[in-house]
1. When you go through 65, 35 one by one, which is the residue that is within 19 Å of the chain's Cα centre (by Cα) and either within 25 Å of residue 224 (Cα to Cα) or assigned to a helix (DSSP H, G or I) (or both)?
2. Would you check which residues across the stretch 118-152 are at pLDDT 90 or above, touching a Ser or Thr at 6+ places or on another chain (Cβ under 9 Å) and either over 30 Å from residue 246 (Cβ atoms) or acidic (Asp, Glu) (or both) and list them?
3. How many residues, within the stretch 2-40, are closer than 24 Å to residue 207 by Cα and among the hydroxyl-bearing types (Ser, Thr, Tyr)?
4. Against the definition (in contact (Cβ under 8 Å) with a residue 60 or more places away in the chain, touching an Asp or Glu at 6+ places or on another chain (Cβ under 6 Å) and surrounded by fewer than 22 Cβ atoms within 10 Å (Cβ to Cβ)), how does residue 87 come out, yes or no?
5. Can you find even one residue in the stretch 25-38 that is surrounded by fewer than 18 Cβ atoms within 10 Å (Cβ to Cβ) and modelled with pLDDT under 95?
6. Name the single residue, out of those in the stretch 207-236 being modelled with pLDDT of 95 or more and in a helix (DSSP H, G or I), that is farthest from residue 93 (Cα to Cα).
7. Which of (1) surrounded by fewer than 18 Cβ atoms within 10 Å (Cβ to Cβ); (2) touching a Gly at 6+ places or on another chain (Cβ under 8 Å); (3) within 18 Å of residue 12 (Cα to Cα) is the odd one out, the single condition residue 75 does not satisfy?
8. Tell me, yes or no, whether the stretch 62-72 has at least one residue that is at pLDDT 95 or above, closer than 21 Å to residue 118 by Cα and of a type outside the set (Lys, Arg).
Amino acid sequence: MGVRTHDAIVTGDGVAIHYVAAGAGETLVLLPGFSQSAAQFTKQIDGLSTSYRVLAVDHRGHGESGKPDHGYRVSRLAADLRELLLALDLRDVTLLGHSLGCPVIWSYWDLYGGDRIARLILVDQGPIGLKELAPDAPTERRGAIFTFEEALHIAAGLRSDRALTASRAVVDMLHTPEVSAEDAEWILGQNLLLPREHAATLHLDYCGNDWRDVLPRITVPTLVIGGAVSLIPADVAEDVAERIPGSAVRIFSAAEKGSHLMFWENPELFNAVVSDFIDTGTVK
């Protein structure tokens, strides 16, 4: 395990983007999901920093990053990532995005292409959020998990005096019942570091995007990871992999604790899968 450091870069619009760094060698950048934090990658930082330089990033508003009153859009998070890579002069990086971290990567690719990226690891996310965006196809296979009405309902809950209850309901969907009550409360606490008003704004932007046109244009080696007991159906990962030329797919089974938070629930296997892909391009 490498020695951890905490630092931040300041974006052009004055926001401090916090990151945790550990280890040395090839760079692996970890991008958390919606309302999650860099701290939730603690088991990856510990396990992978023995072999790589690992950076876990807090999106703006999340974790220990600055919490401005603007910029809660996927495209702005992608621009923040761009500023971080440039400020630290990171090149040939492996980008690993979990959940919302995948649209941030797709937006980055849409805006900046593959500049500074060696490979991608995309964890448990489909290219669209709203079922209405794919009325002519099986929505489960496209990764849409909300209707427009459901997305509005979640945003309204996050903006109301029921925000804690709404947030807890979302967090409870992310993991299996095997996660301890203590860990579940800690994860909820990390989620609440993003102010609920900003969470609602980002949630609606996140749901409203469609990245299907970006996936076929990805040209670096890519691993797509899904979970058999995730709230996002496992065949979504298979569909994403089919859209990205030459990509590989790895589905965590129920026995492998393949929830949306498989990296938390089965970190040893998750880290081994990531390491094998970086080192050999194969899937464990």
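1. It is 35.
2. The one that is at pLDDT 90 or above, touching a Ser or Thr at 6+ places or on another chain (Cβ under 9 Å) and either over 30 Å from residue 246 (Cβ atoms) or acidic (Asp, Glu) (or both): 124.
3. Summing the residues that are closer than 24 Å to residue 207 by Cα and among the hydroxyl-bearing types (Ser, Thr, Tyr) in the stretch 2-40 gives 2.
4. Taking the combined requirement at face value, the residue does not satisfy it.
5. Within the stretch 25-38 (the criterion being surrounded by fewer than 18 Cβ atoms within 10 Å (Cβ to Cβ) and modelled with pLDDT under 95), the answer is no, since none of the residues qualifies.
6. Here the residue is 216.
7. (2)
8. no
The values are calculated or read from the model by the stated rules, or taken from the named source; none is laboratory data. The shown structure was predicted, so the numbers you read here are calculated from the model rather than taken from an experiment. All Cβ positions, glycine included, derive from the backbone under ideal geometry; neighbour counts span all protein chains shown.
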